[in-house]
1. Specify which of the listed residues (349, 424, 363) is in a helix (DSSP H, G or I) and of a type in the set (Val, Ile, Thr).
2. Which residue, of 161, 96, is closer than 30 Å to residue 382 by Cβ, surrounded by 14 or more Cβ atoms within 10 Å (Cβ to Cβ) and assigned by TED's automatic domain parsing to the domain that holds residue 354?
3. Name the residue that is farthest from the chain's Cα centre (by Cα), counting only residues in region 21-40 that are buried (at least 17 other Cβ atoms within 10 Å of the Cβ) and of a type in the set (A, V, I, L, M).
4. Go through region 432-450 and give me each residue that's closer than 12 Å to residue 85 by Cα and among the hydrophobic types (A, V, I, L, M, F, W, C).
5. Answer with yes or no whether residue 109 is in the same structural domain as residue 352 (by TED's automatic domain parsing), modelled with pLDDT under 90 and charged (D, E, K, R).
6. Can you tell me which residue in region 340-350 is nearest to residue 43 (Cα to Cα), limited to those that are buried (at least 24 other Cβ atoms within 10 Å of the Cβ) and in contact with a Ser or Thr (Cβ under 8 Å, 6 or more places away or on another chain)?
7. Give 320, 353, 376 a once-over and let me know the one that is assigned by TED's automatic domain parsing to the domain that holds residue 408, surrounded by fewer than 23 Cβ atoms within 10 Å (Cβ to Cβ) and within 24 Å of the chain's Cα centre (by Cα).
8. Within region 57-78, track down each residue that is crowded, with 18+ Cβ neighbours inside 10 Å and part of a helix (DSSP H, G or I).
Amino acid sequence: MTIPADVMQSVAPPARRQPSRRNLELVLLVFAWAIGLLGTLQIGWAIGRDPDAGLWVTSGVIGLLALLMHVIVRWKARYADPFLLPVATLLTILGLVMIYRLDVAEARRAELNGNPVPTPDVYSQLTWFTVAVILFVSVLVLLRDHRILQRYTYTLGLAGLVLLILPLAPVVGTTVNGATLWIRVGGFSFQPAELAKILLTVFFAGYLVEKRDSLALVRKKFLGIGLPRPKDLGPIVVAWLVSLAVLIFERDLGTSLLFFGLFVTMLYIATQRRSWLVLGSVLFVAGAVAAYYMFGHVRLRVTVWLDPWTYANDDGYQIVQSLFGLANGGILGAGLGQGFPNLVPFANTDFIVAALGEELGVTGLIAILLLYAILVERGLRAALSVRDSFGQLVAAGLSITLALQVFVIIGGVTRLIPLTGLTTPFLSYGGSSLIANWIIVALLLRISDRARRPEVHAPSQDDAVTQVVRRV
C-alpha cells in the first residue's frame, strides 16, 4: 500500500527544536563588557581622573570585538555552549583593566621621578586581542568539523615539536630572564610553546585514538595495579624525555610540567588504566629529584619556595612582594586604583594574579578561580557530549591544558608550589598566550557545537506506515 505524501507529513513526528541559547550568550557578553567599563571608571575615580575620549573609544573597540565573535558563533557554531565565549571575554577584559591600572601606576611613578612616561601596555594588549579575535574567527569559519584535524595527526605533532624547540635556534631564539622561551623576528617576539601545546594536544588525541587498544592491555599486576606491556611504555617514556629536554635546554620548568602532565592525563582518559597515572607519577618524581640535584636554577626555585624571607632582598624579592600585596588586599581588597600592585616586579605578566588579589582581595580571586572553573567544566562537558573519540580527547586535553596552567601559575604566586614561568590564561600581558588561549576557545566551541547540534532524521515510509496503523 502506498501512503500519500500529505498523509506521511501529517503522521511524521514533529522535529523538536533545539534552543541555540545565543541570546543568553549575548546578554552575558554585555554583562562582561559592563563589568570592564565599571572597573575602568573606578580606577579613574580612585586617582581623580575624569574619563576621556580614549577610554570610551577603547571600551567601544572591546565591545565591537566581543560582538563580532558573538555574530560569528551565531553564524558558524549556532549550537555551541553559551558560556565559553562570555567567560573567556570577561577574563580577557579583567586582564585589560588590570594592565591599564598598572599603566596608570607606572605613569604616576615616572611623573614623580621626573622621567618620561612609558608607553601604556594596555594598547599593545588590545592589539593582541584584536589579532586573537581574527584567529578565533578564522578557526570557526575555516574549520567546519573538528574531525578534519585527525587526518593531520602526525603532521601537527611534528609541527608542535618544532615549535617547542624553535627557541633553541641560533638566530631567532632569545633568552629572557634566564629562560630560552622566545623567538624574535624583526621587532616582534613570540613564545612558540603556546601554540605548540595546542598542536601537541591534537596529536596526542589522534595518536591515542589509534593506539588506545594496545595501550590499555594489561599483562602483569604489581601491588594490585595492572601494568601495560613493556613495548607499550614507549610513548610515556618519550614524553618524559622530551619534557626533561625542555627543562634542561630551555630552562622552562612550567612548559615541561604542562607538557608531561597533559600527556599522562590524556593517556589515562583514553585507556582508563590507573597504571598510567602511577607510572607517570613515578617518572615525574624521578625527573623532579634529578632536576633538583642536576640544575642550579631548579634548586634555587625550590629553595626560595621553601624560605622566601631569607632571600627577600634578592632572589625571593618578587614572591615576597607578591605575598605582601596579597596580605594588603585581605578579604575584600584595597579597591581598584587604591593599592600598590606596581611594587611587584613583572606584575602585568607573571604576577598579575597578585595585583588582582591586592585590589580585589581573596573574594575577587575566588571569583576569578570560579570563572576558570566554569571554563574548564564547560570544556569537559563538551568532551563528554561529543560522539567521536577524537573530539572527546581534544576537548578534554584542551580543558586540562587550561586547568594545569591556572593551577601551576596561581599555585606559584600563592606559594603553594614552586614558581614557574607560565602565564595566567587570558589575564597576563602578552600576545602569545592570549592568541593561543583564544584558539583553544574556538576549538572548544567547534566541538561543543558538534556535540549539541540536534540530529535531523528524515521520516521513512516504514515509520509512516507504522504510525498510520497505530492511529487506525
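The values are calculated or read from the model by the stated rules, or taken from the named source; none is laboratory data. Everything quoted here is computed from the prediction, not taken from an experiment. For neighbour counting, all protein chains shown are included, and Cβ atoms are generated from backbone atoms with ideal geometry for every residue, glycine included.
1. Sole residue among the options that is in a helix (DSSP H, G or I) and of a type in the set (Val, Ile, Thr): 363.
2. 96
3. 37
4. 438, 439, 440, 441, 442, 443, 444, 445
5. Judged against the criteria, residue 109 is a match.
6. It comes out as 348.
7. 376
8. Answer for region 57-78, where residues must be crowded, with 18+ Cβ neighbours inside 10 Å and part of a helix (DSSP H, G or I): 58, 59, 62, 63, 65, 66, 69, 70, 72, 73, 76.
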